[in-house]
Structure formats: structure tokens, C-alpha cells
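Laboratory data are not the source of any read-out in this text; all were calculated from the coordinates shown. Model, not experiment: these values are computed from the prediction. Neighbour counts are summed over all protein chains in view; Cβ atoms, including those assigned to glycine, are modelled from backbone coordinates with ideal geometry.
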Amino acid sequence: ADGVPLVAKGKLTTCTHLPYPPFQFERDGEVVGFDVALIDRVAKDLGVRQEILDTPFENFKTGAFLNSGECDLAAAGMTITEERKKNVDFSVPYFDATQALLATAGSGIRSLAEVEAEKRKLGAQSGTTGESHVQEQGFDPVAFESSDAVLNGLRTGQVDAVVIDYPVVQGWLKDPANARAFRLGQSIETGEQYGFSVKKGNDALRAAIDKVIRESRADGDYERLHEEWIGP
Ligand code: GLN
């Protein structure tokens with residue numbers, strides 16, 4: 001694969017944490033999504049196919065699965081942060097995200113200020129930037145292991161509101177049952193950007209990923225995939 005060292009012959013092995021729609025999730029027994037499609041193009045460039053492994057989110061911060069040689073890269077709608085940069089190398093940013101407050105319709109909650117004033121229960125996905133953000137604001141959110149668990153916690157009334165990446169909420173609210181049960185509250189402009197990560201020093205693979213991000217933005221593929229997976 002053109003001087004790009006890979007952990008398994010003929011494959012580009014991607015670690016992710018499922019489900020994280022619309023970036024990676026299972027549909028008809030196959031892992032699909034925006035991140036999956038972009039990395040498929042990297043694999044195609046390298047003349048290999050992408051294989052996706054589901055791993056704990058925590059590993060993306062420590063880089064454990066990259067360092068152990070289990071995966072070539074991590075793709076998980078992952079925000080580039082200074083702290084994570086100490087353990088992994090990131091591609092150029094490929095997506096701008098914000099956080100959103102989503103509450104049960106019955107709660108009437110629209111902001112973190114209301115969560116605090118009314119002593120409501122707040123949830124977040126453990127290890128994520130959404131969780132850190134609310135912790136920095138002095139909250140002690142109930143931690144859920146995945147985006148599915150966050151949604152379920154809200155649905156079953158374990159929490160009154162959650163803070164999670166807006167594109168995930170955007171996807172959930174396309175389901176009419178969710179749109180009836182939940183209410184989108186304040187947008188939290190964290191200015192975060194997603195990046196794919198590789199093992200520290202794996203410049204060859206990082207360059208191959210950066211090339212696909214740049215080229216797909218230039219040739220319209222990025223826009224088409226955005227439309228397909230995320231929306232207009
Ligand atoms: N963007 C968030 C973060 O990096 C959430 C990512 C995820 O849960 N897959 O922490």
C-alpha cells in the first residue's frame with residue numbers, strides 16, 4: 001500500500017465505538033456512516049479494504065488500540081483536543097461540531113441554567129467532550145457508555161436532559177417518535193472539530209487520510225457524503 005505500513009495485510013483496520021450515528025452505526029448487519037464512507041475512500045486509495053472493529057471509547061483518548069497494533073486508525077466522530085493530541089496524532093479536521101442540550105418534552109427544560117435551577121438530572125456520554133464540557137460548568141452528569149445508552153437514559157426517564165454532539169441529536173430527531181418525546185434545547189458552541197487519529201508518528205497514514213479529506217472537499221465527494229449521511 002504505497003509505503004503506508006498497515007497492521008494487517010490487505011486491510012485498513014479502523015477502530016471505532018458503536019453506535020455513533022450518523023458517523024458510524026450498524027444497518028442491515030453492516031457498519032455504515034459518514035466516517036466509514038470517508039475512510040473507505042482512504043482504503044481504496046491504498047488498494048485495500050477497510051475493516052472496522054468496535055472498541056471502548058476510552059481507548060481513543062489513550063491511543064491504546066493504535067499502540068498495541070490492533071488498528072491503523074480510529075474513526076469515532078472524535079473531537080481533536082490538546083489532551084488527546086498528547087497520545088495520538090490527528091488528521092486535519094474533517095467536521096465542525098457543537099454540543100446540544102436534548103431534554104424530555106415533558107420536562108420543559110431548554111438550557112443548562114434551567115437544569116441547574118430546577119435541580120434536574122443531566123446525562124452525558126462517558127469520556128466525551130460533552131461530558132467534560134458540563135463537568136467544567138460544575139455539573140456531575142450521569143455517565144452513559146454509548147450514544148444509544150444516552151438516548152435510552154432519556155427515554156426511560158433516568159435523566160431529564162442530556163448534552164451530546166449536535167449531529168447525533170439531529171439524526172435522532174428525524175425519527176417522529178423521538179421528535180414527539182424530546183425537545184431540542186440550547187446549542188452549546190464549543191467550536192470543536194473532528195479528526196481521525198493514528199498512532200503517534202504514523203505520518204504516512206496521516207498524510208493519506210489528510211489527502212482524502214482535502215481531495216473529497218475539492219471534488220464534491222465530501223458534500224455528497226455530508227448530504228447523504230448528515231443532511232443539508
Ligand atoms: N465528539 C465527541 C468526543 O470526541 C463524542 C465522540 C463519540 O462519542 N464517538 O468526545
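Applying the criteria of a DSSP loop state and at most 12 other Cβ atoms within 10 Å to the trypsin sites (Lys or Arg not before Pro) of the range 113-142 yields 119. Length gained on full extension, residue 92 to residue 149: 17.5 nm, using 0.36 nm per residue less the C-alpha separation.
Under a Gaussian network description of the chain, with springs only between Cα atoms under 10 Å, the residue in 55, 79, 129 that fluctuates furthest is 55. Give me the lysines in straight-line cross-link reach of residue 9: C-alpha distance below 16 Å, same-chain residues under 8 apart excluded. Straight-line reach from residue 9, under 16 Å: 44.
Once the Cβ-Cβ distance between residue 51 and residue 136 is put in as r, and R0 is 45 Å, what FRET efficiency do you end up with, to the nearest 0.05?
Working: r = 37 Å, r/R0 = 0.81.
With a Förster radius of 45 Å, E is 0.80.
Can you pull the Rg over Rh of the range 1-41, Cα-only, Kirkwood? Ratio of gyration radius to Kirkwood radius for the range 1-41: 1.04. By the gyration tensor of its Cα atoms, with a ≥ b ≥ c the square roots of the eigenvalues, what is the shape of the range 98-191: rounded for a/c under 1.5, prolate for a/b over b/c, or oblate? In terms of gyration-tensor shape, rounded. Using the Cβ of residue 53 as centre and a radius below 12 Å, the other residues enclosed give a net charge of -3, where K and R count +1 and D and E count -1. Remark: the Cα gyration tensor places the range 1-89 in the oblate category, a/c being 1.5 or greater and a/b not exceeding b/c.
So, counting K/R as plus one and D/E as minus one, what does the shell of residues with Cβ under 12 Å around residue 97 add up to? Net of charged neighbours comes to -4.
Note on the chain: GNM, Cα springs under 10 Å; of 210, 45, 35, the largest mean-square fluctuation is that of 45.
When Lys and Arg each count +1 and Asp and Glu each count -1, what net charge do the other residues less than 13 Å away from residue 230, Cβ to Cβ, add up to?
Numbers: positive: 174, 224; negative: 35, 96, 165, 223, 227, 228.
Overall, the nearby charge balance is -4.
Considering only GluC sites (Glu not before Pro) in DSSP loops that have at most 16 other Cβ atoms within 10 Å, the longest stretch of the chain without any of them is 146-232. Both numbers refer to the Cα atoms of the chain; Rg and Dmax are 18.0, 58 Å. As a proxy for reagent exposure, 91, 107 were ordered by neighbouring Cβ count within 10 angstrom, fewest first; the result is 107, 91.
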